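The values are calculated or read from the model by the stated rules, or taken from the named source; none is laboratory data. Only a predicted model underlies this, so the values are computations on that prediction, with no experimental measurement involved. Backbone-built Cβ (ideal geometry, glycine too); neighbour counts: all protein chains shown. The protein model used for the area step is the full one, side chains on, heavy atoms only, and it has no ligands, DNA or RNA in it. Shrake-Rupley method; radii C 1.70, N 1.55, O 1.52, S 1.80 Å.
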Amino acid sequence: MIGPGTGVRVYLACGATDMRKGIAGLSALAQEVLRQKPTSGAVFAFRGRKGDRLKLLYWDGQGFCLYYKVLERGRFPWPNTKAGVARLTSAQLAMLWEGIDWRRPDWGAPPARVG
């Protein structure tokens, strides 16, 4: 994914977001609902009502970047929390963008030791 890279702070807006919102509307949500400065360099993630649409808002130092992805099949995994906001690592963001359930990655059992 083109974007912020590793080590970036990621905030998810829990619940559904109106996907008609653009940069101005999403940056207002980041400030008012998530209580974060939109130009802080963090990534703000928003999911649509059906769960198949995801928007990421990111300030790169020169302007806002808006990434938008619509899944052909399935839904983006999203937390069920009353807090209104959840934090992710940059690795979890990469999994989210690919549609992988970042909440329970299946890394498999470690290989058995012989000997």
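Values computed for the structure shown
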item	result
Order of exposure, largest accessible area first, which applies to S27, S40 with probe 1.4 Å	S40, S27
Correct choice for Rg and Dmax of the Cα atoms in Å that was computed from the model, options [x] 13.4, 41; [y] 15.4, 61; [z] 14.8, 51	[y]
Relative packing of peptides 61-71, 43-53 - highest average C-beta neighbours within 10 Å first	43-53, 61-71
Computed lengthening from K82 to K21, 0.36 nm per intervening residue step minus Cα-Cα distance	19.7 nm
At R0 = 35 Å, FRET efficiency that the Cβ-Cβ distance of R103 and T39 yields, to 0.05	0.75
Calculated [θ] (222 nm, deg cm²/dmol) that DSSP helices of n ≥ 4 give over the chain, each run adding -39,500 (n - 2.57)	-4500 deg cm²/dmol
